[in-house]
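Data first, discussion second: the structure below is written as structure tokens.
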Amino acid sequence: MPRAYVALGSNLGDPRQQVLDALDALARLPGTRVLARSRLYRTPPWGVLEQPAFVNAAALLETELSPHALLDALLAIEQAAGRVRDGERWGPRTLDLDLLHMPGVHLDDARLTLPHPRIAERAFVLLPLNDLDPALELPGQGRVDRLLVQADRAGCDVLP
């Protein structure tokens, strides 16, 4: 079965619980199994700085869902968690789920780009991905462990 890497983040309500609940929701997706999950990280906001810190994680899935069907499922999980997509980028959110990478899948359409084009810029994505697979090669970006060496990890902490 194809594999998929998903990033999870939250900074509203109870962020830790939002991320844990989302991991449970991922495990309940049809034809999908969570193979591994990263540790939880507290990370500073990115983009819009005047907002609470985030809790971030990543999950490795094995799924029968197509990339677009998986994206739709992620959006439904966000909506069920109270996420309102109002067009604001990088602002506070109850839950944010991003489909990061599906090995062997390259997409660039109006709805989805795989691998996610900005993974290499974001320690809050690289840290959890490194937990899952430090040697993961992201086409056009590099290996996760090597990208993480260059990332600004200031303010990023592992949660107990």
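The values are calculated or read from the model by the stated rules, or taken from the named source; none is laboratory data. Note that the structure is a prediction, hence the values are computed from the model and not measured. Note that we place each Cβ from the backbone using ideal geometry, even for glycine, and neighbour counts take in every protein chain shown. Areas reflect the complete protein model, heavy atoms only, side chains present, ligands, DNA and RNA absent. Shrake-Rupley method; radii C 1.70, N 1.55, O 1.52, S 1.80 Å.
Brief remarks on what is shown
- Test set (1) open to solvent by less than 30 Å² (accessible area, probe 1.4 Å); (2) over 13 Å from the mean Cα position of the chain (by Cα); (3) among the aromatic types (F, W, Y) - Y41 fails condition number: (2)
- Tally, over region 131-149, of residues that are open to solvent by less than 60 Å² (accessible area, probe 1.4 Å) and out of contact with any His (no Cβ under 8 Å at 6 or more places or on another chain): 11
- Which numbered condition H116 misses (of (1) more than 17 Å from P30 (Cβ to Cβ); (2) under 12 Å from the mean Cα position of the chain (by Cα); (3) in a helix (DSSP H, G or I)): (3)
- Filtered residue count, region 56-107, keeping only those that are assigned to a helix (DSSP H, G or I), more than 21 Å from R37 (Cα to Cα) and open to solvent by less than 30 Å² (accessible area, probe 1.4 Å): 0
- Enumeration of residues in region 36-74 that are within 19 Å of V105 (Cα to Cα) and out of contact with any helix residue (DSSP H, G or I) (no Cβ under 7 Å at 6 or more places or on another chain): E62, E64, S66, P67, H68, A69, L70, L71, D72, A73, L74
- The condition of being in a loop (DSSP other than H, G, I, E, B) and closer than 16 Å to V125 by Cβ holds for only one of P45, P52, that being P45.
- Region 117-130, residues that are out of contact with any Phe, Trp or Tyr (no Cβ under 9 Å at 6 or more places or on another chain) and open to solvent by 20 Å² or more (accessible area, probe 1.4 Å): P117, R118, A120, N130
- Qualifying residue in region 6-19 (condition: open to solvent by less than 50 Å² (accessible area, probe 1.4 Å), among the small types (G, A, S) and more than 22 Å from L112 (Cβ to Cβ)): no
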